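Visitor: Quick one: this structure, given as structure tokens, is what I'll be asking you about.
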């Protein structure tokens with residue numbers, strides 16, 4: 001039985017191992033959590049090299065349009081949605097395309113987002129993601145809409161997957177000072193990150209994707225190169241590598257990731273051929289029409305009846321609506337649900 005996992009923000013929110021005692025941000029509480037960790041530059045010996053970073057342009061933009069300052073956000077006097085901030089920032093840039101202050105605010109947003117997720121999710125491997133990784137069979141696929149690295153690290157530890165061929169696109173390795181080489185067997189499973197990843201760096205000159213790993217205790221883990229300029233290592237190119245994610249905005253620019261079409265085609269093929277689809281913490285945002293297209297197109301091309309498992313904290317009528325939605329999308333009545341990732345993974349071997 002071919003199995004496909006779908007991971008949304010709720011899958012990350014189940015992680016309880018953060019060294020700083022935080023849970024993964026979601027859109028509505030992102031800025032409160034971001035402000036809380038902005039001045040943390042070293043967590044259990046891991047340095048983030050961000051002491052010199054400021055986010056003045058970003059928070060000036062928020063104060064201008066929302067009427068709240070940094071102190072208001074820190075004291076939870078305002079709920080600022082991260083997707084709405086970036087969407088309005090992009091609209092403002094279109095209205096004022098030559099404004100360097102707005103462009104800097106956008107750059108600061110991306111840095112703040114990457115560092116916030118990285119700091120909060122610094123900790124031991126997630127036992128729930130590890131359980132899923134250990135239970136994957138050859139040919140199974142994980143489709144993730146998350147930028148964070150919980151599943152990437154769990155898969156790397158499992159020995160069934162490596163980054164060079166496991167992402168669905170070729171990815172070369174950069175090495176940190178404490179790890180000179182790493183050997184990976186051919187990947188038995190795929191991890192398709194449809195919105196990009198915090199550990200991905202891309203060379204526009206060579207059209208090459210890179211990632212870095214380091215040792216954390218006895219296990220390797222991925223590095224998020226946020227605030228340091230990293231240079232392309234392909235045939236002496238030396239161009240500055242760029243982060244590669246599709247930003248969380250209502251007007252997502254899928255052209256910003258050069259291999260988007262390849263990843264989405266692979267995801268569609270995996271969904272069409274799957275017999276069991278497990279959806280963890282993803283509830284189809286109203287504006288995410290591309291994802292709805294992905295599912296409907298895959299079900300039209302499907303060759304196998306589907307069993308669907310939903311892992312979502314929704315209850316009552318909200319859960320019933322969610323089940324109806326997935327039943328309609330997947331063209332099946334075989335739908336079961338669990339409330340948390342912990343509850344679901346307890347059923348795995």
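Computed from the coordinates by the stated procedures, all read-outs in this text should not be read as laboratory data. Just so we're clear, the structure is a prediction, and the values are computed from it rather than from any experiment. Cβ: placed from backbone, ideal geometry, glycine included. Neighbour counts: every protein chain shown.
Visitor: Please pick out the residue among 102, 58, 111 that is within 21 Å of residue 253 (Cβ to Cβ), buried (at least 16 other Cβ atoms within 10 Å of the Cβ) and out of contact with any helix residue (DSSP H, G or I) (no Cβ under 7 Å at 6 or more places or on another chain). Spell out the reasoning first.
Guide: Numbers: 102 fails: out of contact with any helix residue (DSSP H, G or I) (no Cβ under 7 Å at 6 or more places or on another chain); 58 fails: out of contact with any helix residue (DSSP H, G or I) (no Cβ under 7 Å at 6 or more places or on another chain).
Matching residue, one of 102, 58, 111: 111.
Visitor: Say whether the condition of being within 25 Å of residue 80 (Cα to Cα), within 16 Å of the chain's Cα centre (by Cα) and surrounded by fewer than 19 Cβ atoms within 10 Å (Cβ to Cβ) is met by at least one residue in the range 263-285.
Guide: Among the residues of the range 263-285, at least one is within 25 Å of residue 80 (Cα to Cα), within 16 Å of the chain's Cα centre (by Cα) and surrounded by fewer than 19 Cβ atoms within 10 Å (Cβ to Cβ), which makes the answer yes.
Visitor: Restricting to the range 21-40, name every residue that is farther than 15 Å from residue 148 by Cβ and either buried (at least 17 other Cβ atoms within 10 Å of the Cβ) or touching a residue at least 24 places away in the same chain (Cβ under 8 Å) (or both).
Guide: 28, 29, 31, 32, 35, 36, 38, 40, listed by residue number.
Visitor: Determine, yes or no, whether residue 269 is closer than 30 Å to residue 16 by Cβ and in contact with a helix residue (DSSP H, G or I) (Cβ under 9 Å, 6 or more places away or on another chain).
Guide: no
Visitor: Something else: Is it the case, given these coordinates, that residue 97 is closer than 22 Å to residue 253 by Cα and assigned to a loop (DSSP other than H, G, I, E, B)?
Guide: Yes: the conditions hold for residue 97.
Visitor: What are the residues in the range 66-80 that are crowded, with 17+ Cβ neighbours inside 10 Å and part of a loop (DSSP other than H, G, I, E, B), if any?
Guide: Residues satisfying the conditions are 68, 80.
Visitor: When you go through (1) closer than 29 Å to residue 119 by Cβ; (2) in contact with a helix residue (DSSP H, G or I) (Cβ under 8 Å, 6 or more places away or on another chain); (3) in a loop (DSSP other than H, G, I, E, B) one by one for residue 233, which number turns out not to apply?
Guide: For residue 233, the failing item is (2).
Visitor: Now, a different point. Those residues that are in a loop (DSSP other than H, G, I, E, B) and farther than 30 Å from residue 138 by Cβ, I need them from the range 17-38; list them, please.
Guide: At the first step, the residues of the range 17-38 found to be in a loop (DSSP other than H, G, I, E, B) are 17-29, 38.
Passing the criteria: 18, 19, 20, 21, 22, 23, 25, 26, 27, 28, 29, 38.
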